[in-house]
Amino acid sequence: MMAKQKPAPKIKPLVAGNWKMNGVGKQLGEVKKLVTVLSRQKPKADVMICPPVTLLSRMVALKPKGVALGGQDCHANVDGAHTGDVSADMLKEAGAKAVILGHSERRADHGESDKAVRAKVGAAQRSGLTAIMCVGESLKQRKAGETLKVVQAQLRGSLPDKCNAKNTVIAYEPVWAIGSGLTPTVEQVAQVHGALRKALVRRFGDEGAKMRILYGGSVKPSNADELMAVPHVNGALVGGASLTAKDFYGILKAYL
């Protein structure tokens, strides 16, 4: 007799906005607008904004009900002679609940290896932050049929052993889709997210089954419903569309 298969755990989605290197003081008004809209109709998803570090404390001061805040990167060390860097402890003290790590722009612009990302993920987790760790393939890798090989290798190399559903979120962002207006097909997204789920379960067991896997890469109000309905897509990591309350809430409406 075949063993009875466990039902898939119910995972609360997360929609996180990555403001990247955008935003000065006047953009705080968009956060206020978002909070106002959320107070009227809250989606069945956790909501987060990851602003540039210069705005983090100012956003925290707004006490944005229903919106958690995060950072966009952290150093692997607690402190030291690292001019221009920010530690996970500093982000936590400033009010962050999470931090994006291993984003393709960091990997490309700053030469971050899987090993470097792994050290940062560990640092974030030790500080009590949730690490939102990113994986994704280039267009060249996609065309060569290497997508699953690439993202699985990044997943394997970028995660330390003490990951669980509380301290770790995975974000799949095909590099070629970020900011390009291009998105993979629903079938392509399903294939990658399914493979990532299997890899997480193999390594982390029940915790891997409960980890959130976000989709990112040209997510916008017009495609959010379709993308968020894909199996093993547990929310989104949103770039440009998170900069305005109107567009960001347009994506959150997928979870109303």
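Diffusion of region 130-254 by Stokes-Einstein, at 10 °C in a medium of 1.306 mPa s and with Rh set to the Kirkwood radius over alpha-carbon pairs, works out to 109 µm²/s.
Using bins of 10 Å that start at zero, the share of Cα-Cα pairs per bin across region 5-140 amounts to 11, 39, 33, 15, 2, 0, in whole %. Using the Cβ of Gly250 as centre and a radius below 14 Å, the other residues enclosed give a net charge of 0, where K and R count +1 and D and E count -1. Sequence-distant contacts, meaning Cα pairs under 8 Å at least 6 residues apart, place the relative contact order of the chain at 22 percent.
Applying both filters, DSSP loop and at most 15 other Cβ atoms within 10 Å, to the GluC sites (Glu not before Pro) of region 100-164 gives Glu146. The Cα trace of region 164-210 gives Rg and Dmax of 12.6, 36 Å, the first to one decimal, the second as a whole number.
Its Cα centre serving as origin, region 14-255 has a Cβ charge dipole (Lys and Arg +1, Asp and Glu -1) of approximately 520 debye. Given their separation in residues at 0.36 nm each and the Cα-Cα distance between them, Ser138 and Arg40 gain 31.3 nm when the chain is fully extended. Can you pull a Stokes-Einstein diffusion coefficient for the chain at 20 °C (1.002 mPa s), Rh from Kirkwood over Cα pairs, as a whole number of µm²/s? Estimated via Stokes-Einstein, D reaches 117 µm²/s. Here the gap between Lys115 and Lys32, fully extended at 0.36 nm per residue and compared with their Cα-Cα distance, gives a gain of 26.1 nm. Taking every DSSP beta bridge that has both ends in region 14-255, the antiparallel portion is near 0%. Fully extending the segment from Val60 to Ala190, taken as 0.36 nm per residue of separation minus the present Cα-Cα distance, adds 43.3 nm. Peptide packing: for 175-185, 120-130, 160-170, the average count of neighbouring Cβ atoms within 10 Å per residue gives the ranking 120-130, 160-170, 175-185, highest mean first.
Computed from the coordinates by the stated procedures, all read-outs in this text should not be read as laboratory data. Predicted model only: the values in this text are computed from it and were never measured. Counting neighbours? That spans all protein chains shown, and the Cβs are built from the backbone with ideal geometry, glycine included.
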